[in-house]
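Visitor: The structure that follows is given in the form of structure tokens.
Throughout, read-outs are computed from the coordinates displayed, never taken from laboratory work. Since we're looking at a predicted model, the values are computed, not measured.
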Amino acid sequence: MNDRSKNAAVLPFRPRAVSAAADESTASVIAVLQDQLALAREGKVRSVAIVSVSTDGAAIGTQWSSTGSDVTSLIGKLAVLSHDLMAARN
């Protein structure tokens, strides 16, 4: 578990209406995050890793929350994902 998640409190937040229309790419990102959020709420997820790329491609961010025993598994799955992404690019 990283330092940030050790001290993090889970706070409920009110859904808010978003007035901006989402394009296909934005809708896809939102769908993936909602899927993961639903799994977390159901207690079916104990670790997650996220890599994000800014709209202009200039910034890449990473975040993770995991138990110590899941780090190796997450690294392995990220390696598989990297290979899948490279294959899909061709």
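Visitor: Jot down the per residue volume, in cubic angstrom and as a whole number, of the convex hull over the alpha-carbon atoms of the range 22-89.
Guide: Hull volume over Cα atoms, normalised by residue count, gives 110 Å³.
Visitor: Can you tell me the length gained on complete extension of the stretch Ser82 to Thr26, counting 0.36 nm per residue apart and subtracting the Cα distance?
Guide: Once the chain is fully extended between Ser82 and Thr26, it gains 18.0 nm.
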